[in-house]
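A short worksheet on the structure shown next.
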Amino acid sequence: MVDTFDDSDYQLSMDNIPKHIAIIMDGNGRWAKKRGLQRIAGHKEGMNNVKTIAITASDFGVKVLTLYAFSTENWGRPTSEVNFLMRLPIDFFSVFMPDLMKNNIKVIATGLIEKIPKNTRQIIQRAMDDTKDNTGMILNFAFNYGGRADILEATKALAQKVKDNEFSVDAIDEKIFEDNLLTNVLGELADPDLLIRTSGETRISNFMLWQLAYTEMVFNDNLWPDYSSEDLEHDIIKYQNRDRRFGKLN
Ligand code: V07
């Protein structure tokens, strides 16, 4: 049913918009290769598309858009590519800051931020400061993020708190666990309602392992630089035609 779903007759319903959408922006390297360009040209094009999709999501009334920008595993790529990727947030904000302000979008970053180069970190921090009073959509960059690392760090923090007698082992429940994950800043919006992965790959790749427990997933065949506002609309329509049960029967 899900895979044969034809949404051409269906319309977007504005009262069932997923509150939190997470996207794995895959296919930038392949997009470049298809055109005989270097991988970094694909990353640059992908960066421009972040603006388009963020504004569209904001217009639809999405409350949180999480974008998987750099995983803890991406350090294993060639140094030249890693260096290029580390500069993309600088380019991004130097070009798109006015658009973010105009659309009342608030920027945050979740990930092991300490490990990224100082100048990039400072630019991200400044963007977070400059947009902190914006009341619209939260644009959350998962930057140097890994799902297992997130869970491991939470576990260590909890172990330390038990050791410090902040609470007993038995007191640890899902709420306390979530308070120690990197997404705790998102409060009740921490868990995505919809995960989209572009470029036809059907894996989670260590993204938000805890938070994706009940998330609906849509795998779109388009490469990220080609992923359009219409694609986002179609993927949200797919979400709206799913039956979310959270393990219950109803
Ligand atoms: C990156 C462009 C999108 C496709 C995926 C790979 C390349 C935007 C950012 C970014 C990150 C943090 C931030 C502001 C912008 C970014 C990386 C890669 C590493 F605060 N796009 N983009 N960061 N790509």
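Side notes on the structure shown:
- Within region 171-198, being within 28 Å of Asp235 (Cα to Cα), assigned to a helix (DSSP H, G or I) and not β-branched (Val, Ile, Thr) holds for Glu178, Leu182, Asn184, Leu186, Gly187, Glu188, Leu189.
- Members of region 108-132 that are among the acidic types (Asp, Glu) and free of Cβ contacts under 8 Å to residues at least 24 places away in the same chain: Glu114, Asp129
- Residue pairs meeting the criteria (Cβ under 6 Å; at least 6 apart or on separate chains; first within 19 Å of Ser205 (Cβ to Cβ), in region 9-29; second of a type in the set (A, V, I, L, M) and buried (at least 22 other Cβ atoms within 10 Å of the Cβ)): His20/Val64; Ile21/Val62; Ile21/Leu65; Ile21/Leu194; Ala22/Leu195; Ile23/Ile196; Gly27/Leu223
- Number of the condition not met by Asp150 [criteria: (1) at pLDDT 95 or above; (2) of a type outside the set (Phe, Trp, Tyr); (3) out of contact with any Leu (no Cβ under 6 Å at 6 or more places or on another chain)]: (3)
- Here region 104-118 is the region considered, the condition is being more than 12 Å from the ligand (Cβ to nearest atom) and in a loop (DSSP other than H, G, I, E, B), and the residue that is surrounded by the fewest Cβ atoms within 10 Å (Cβ to Cβ) is Asn104.
- Filter result for Asp243 (at negative phi, at pLDDT below 95 and not in a helix (DSSP H, G or I)): yes
- Of the residues making up region 199-232, those that are assigned to a loop (DSSP other than H, G, I, E, B), over 24 Å from Ala41 (Cα atoms), in contact (Cβ under 8 Å) with a residue 12 or more places away in the chain and not polar (S, T, N, Q) are Ile204, Phe207, Met208, Leu209, Trp210, Leu212, Ala213, Tyr214.
- Output for region 69-83, where each listed residue is away from the ligand (no atom under 12 Å from the Cβ) and closer than 17 Å to Arg197 by Cβ: Glu73
- Selection status of Gln240, away from the ligand (no atom under 16 Å from the Cβ) and either open to solvent by 20 Å² or more (accessible area, probe 1.4 Å) or among the hydrophobic types (A, V, I, L, M, F, W, C) (or both): yes
- Output for region 162-182, where each listed residue is surrounded by 11 or more Cβ atoms within 10 Å (Cβ to Cβ), charged (D, E, K, R) and free of Cβ contacts under 8 Å to residues at least 12 places away in the same chain: Glu166, Asp179
- Those residues of region 43-68 which are open to solvent by less than 40 Å² (accessible area, probe 1.4 Å), near the ligand (Cβ under 9 Å from one of its atoms) and in contact (Cβ under 8 Å) with a residue 60 or more places away in the chain, in sequence order: Gly46, Asn49, Leu67, Tyr68
- Against the criterion of being in contact with a Lys or Arg (Cβ under 8 Å, 6 or more places away or on another chain), open to solvent by less than 70 Å² (accessible area, probe 1.4 Å) and small (Gly, Ala, Ser), Ser199 qualifies.
- Residues that are under 20 Å from Asn140 (Cβ atoms) and polar (S, T, N, Q) within region 157-186 comprise Asn180, Thr183, Asn184, listed in sequence order.
- Single match in Ala22, Ala32 (criterion: open to solvent by less than 20 Å² (accessible area, probe 1.4 Å), out of contact with any helix residue (DSSP H, G or I) (no Cβ under 9 Å at 6 or more places or on another chain) and either aliphatic (A, V, I, L, M) or away from the ligand (no atom under 12 Å from the Cβ) (or both)): Ala22
Conditions tested, residue by residue: (1) in a helix (DSSP H, G or I); (2) open to solvent by less than 50 Å² (accessible area, probe 1.4 Å); (3) more than 13 Å from the ligand (Cβ to nearest atom).
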residue: Leu88; (1), (2), (3): yes, yes, no
residue: Met101; (1), (2), (3): yes, no, yes
residue: Thr120; (1), (2), (3): yes, yes, no
residue: Thr135; (1), (2), (3): no, no, yes
residue: Asn140; (1), (2), (3): no, yes, no
residue: Ala149; (1), (2), (3): yes, yes, yes
residue: Lys156; (1), (2), (3): yes, no, yes
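The values are calculated or read from the model by the stated rules, or taken from the named source; none is laboratory data. Keep in mind the model is a prediction, meaning the values are calculated, not measured. Virtual Cβ from ideal backbone geometry, glycine too; neighbours counted across all protein chains shown. Heavy atoms of the whole protein, side chains included, go into the accessibility calculation; ligands, DNA and RNA do not. Shrake-Rupley method; radii C 1.70, N 1.55, O 1.52, S 1.80 Å.
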